[in-house]
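The values are calculated or read from the model by the stated rules, or taken from the named source; none is laboratory data. Model, not experiment: these values are computed from the prediction. Here the Cβ is made from the backbone with ideal geometry for all residues, glycine too, and neighbour counts use every protein chain on show. Side chains are part of the model used for accessible areas, which takes the heavy atoms of the whole protein and leaves out ligands, DNA and RNA. Shrake-Rupley method; radii C 1.70, N 1.55, O 1.52, S 1.80 Å.
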Amino acid sequence: RILDVGTFTGMSAIAFAEGALSSGKADAHVDTLEFDDVTAKAAQKIFDACEPKVGNAITLHQGDAVAWMAKMAEKNGPTYDIIFIDADKENYVAYYDLAMGKDGRRPLLSENGVILADNSLSALLYDQGDERRVALHKFNQHVKNDDRVEQVVLTMREGITMISRK
């Protein structure tokens, strides 16, 4: 199972679904979260136009990702082998904490799962006072200081941080 936080056009959800299905995971499933209603409707049209086995492997949830993840963490629902974070930078720490389990909530990340945080090097690109710069720096420090995990940053494009439990 894969959780895609930040659907936008659905490209990452489709890529994850195709990749999982092509590796022989017939029960592959991607839950993708999008806040914006107009963007979610556009993404759903794209999913509906996909090859049926790909489109059927993706479930789009429209609404607040932090609230959705918190609700899932309180339920006895699925855990995810991959959690891809590519949404509003100001909530990266909240998404990470929900993935890892915090405040008595169960983790959404499976025991051997991996978190992929997109745009993690973008803190270097934004202007000095930009909230996204501050939020990404805070996220990077938060992960660095979490002794439960190890991480590596892939320096392609704006950076992808791969995070796994020790």
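Quick notes
- Val54 accessible area, assembled protein chains, probe 1.4 Å, Å²: 10 Å²
- Here the calculated FRET efficiency for Asn56 and Asp127, from their Cβ-Cβ distance with R0 = 45 Å, stands at 0.55, rounded to the nearest 0.05.
- Computed over the chain, the per-residue total of -39500 (n - 2.57) for DSSP H runs of n ≥ 4 gives a 222 nm mean residue ellipticity of -11000 deg cm²/dmol, rounded to 500.
- Per residue value of the accessible surface for the chain (all protein chains in place, 1.4 Å probe), Å²: 54 Å²
- Gyration tensor (alpha-carbon) shape descriptor, the range 91-156, a/c threshold 1.5: prolate
- For the chain, averaging the sequence separation of C-alpha pairs within contact (under 8 Å, six or more residues apart) and dividing by the residue count gives a relative contact order of 19 percent.
- For the range 66-84, the residues whose amide N sits under 16 Å from a probe point set 7 Å from the Cα of Lys25 along the beta carbon direction are 78-84.
- Accessible-area composition of the range 60-123, carbon plus sulfur, in percent [1.4 Å probe]: 47 percent
- Dividing the convex hull volume of the alpha-carbon atoms in the range 9-65 by its residue count gives 62 Å³ per residue.
- Rounded FRET efficiency, nearest 0.05, which uses the C-beta distance separating Met11 from Ser110 and R0 of 30 Å: 0.80
- The range 1-122 - Rg and Dmax from Cα coordinates, angstrom: 13.7, 40
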